[in-house]
1. Write down the accessible area per residue of segment 88-179 in Å², having rolled a 1.4 Å probe over the full set of protein chains.
2. Considering only protein heavy atoms and a probe of 1.4 Å, how much of the accessible area of segment 149-188 is carbon and sulfur, as a whole percent?
3. How would Leu140, Leu116 rank on accessible area, largest to smallest, probe 1.4 Å?
4. So, counting K/R as plus one and D/E as minus one, what does the shell of residues with Cβ under 12 Å around Ala125 add up to?
5. Can you sort Glu23, Glu122, Glu14 by 1.4 Å-probe accessible area, starting with the largest?
6. Using a 1.4 Å probe and counting only protein heavy atoms, arrange Arg146, Arg113 so the residue with the most accessible area comes first.
7. To the nearest 10 square angstrom, what accessible area does Ser30 show with a 1.4 Å probe?
8. Can you compute 3J(HN,Hα) from phi for each residue in segment 34-42, using the Karplus curve 6.51 cos²θ - 1.76 cosθ + 1.60 with θ = phi - 60°, rounded to whole Hz and x for Gly and Pro?
Amino acid sequence: MPSKRTPPPPGPLEFIAVTLRRERERANVSLSELARRANVSKSTLSQLEAGAGNPSIETLWALAVALGVPFSRLVAPPPQEVRVIRAGEGAAIRSEQAHFTGTMLSACPPGARRDLYVLHLEPGASRHAQAHIPGSVEHLIVSKGRLRAGPTDACVELGPGDYATFPGDVPHIYEALAPRTVAVMVMEHVHG
């Protein structure tokens with residue numbers, strides 16, 4: 001009797017496509033309206049929903065904000081009982097603005113209010129993040145290198161072992177001050 005194999009989980013683009021379409025339909029928003037709200041071209045949004053393209057952090061975050069959902073809902077597959085992400089693995093999403101890559105390590109399970117990321121940054125351009133959904137708070141711990149981060153009008157400089165927290169629902173930046181900077185970020189979603 002042949003053994004039944006569990007089909008492999010969908011790839012990152014396939015997961016984003018299915019989730020983005022589901023969240024757009026749940027919000028009862030047309031493709032054109034979501035593209036307008038997120039300031040993303042309709043053709044880009046259409047490609048993403050078809051599982052094509054190479055979305056940046058900025059594009060996906062703009063879509064999440066326009067839909068009123070955490071970023072993690074668009075990019076994180078459902079959790080498994082035991083999940084290990086080895087260094088260098090995971091769905092890394094790059095910024096269009098700077099040498100900045102975010103890899104989600106853990107998404108917020110239903111009823112919980114946090115997402116966990118590891119960030120890799122290189123000196124050069126800053127990553128300017130738009131305000132996330134209301135009530136978002138970021139917690140940042142630098143593990144290697146140096147960086148400036150925080151609200152655009154109140155950035156702080158951090159080194160290895162330093163921790164900072166700041167509102168994520170206001171425009172904020174990340175800027176590497178040393179090569180191969182690595183930080184861990186916890187995104188909290190506080191709903192009133």
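The values are calculated or read from the model by the stated rules, or taken from the named source; none is laboratory data. Treat the numbers as computed from the prediction; the structure is a model and nothing was measured. With ideal geometry, Cβ positions are generated from the backbone for all residues, glycine too; neighbour counts draw on all protein chains shown. The accessibility values were calculated without ligands, DNA or RNA, using every heavy atom of the protein model including side chains. Shrake-Rupley method; radii C 1.70, N 1.55, O 1.52, S 1.80 Å.
1. About 48 Å² of surface per residue is accessible.
2. The C+S portion of the solvent-accessible surface of segment 149-188 is 56 percent.
3. Leu116, Leu140
4. Numbers: positive: Arg127; negative: Glu96, Glu122, Glu175.
Surrounding charge for Ala125 is -2.
5. Values: Glu23 5, Glu122 70, Glu14 110 Å².
These residues rank, largest area first, as Glu14, Glu122, Glu23.
6. Arg113, Arg146
7. Near enough 60 Å² of accessible area.
8. Listing the rounded values in order: 5, 4, 5, 4, 8, 6, 10, 5, 4 Hz.
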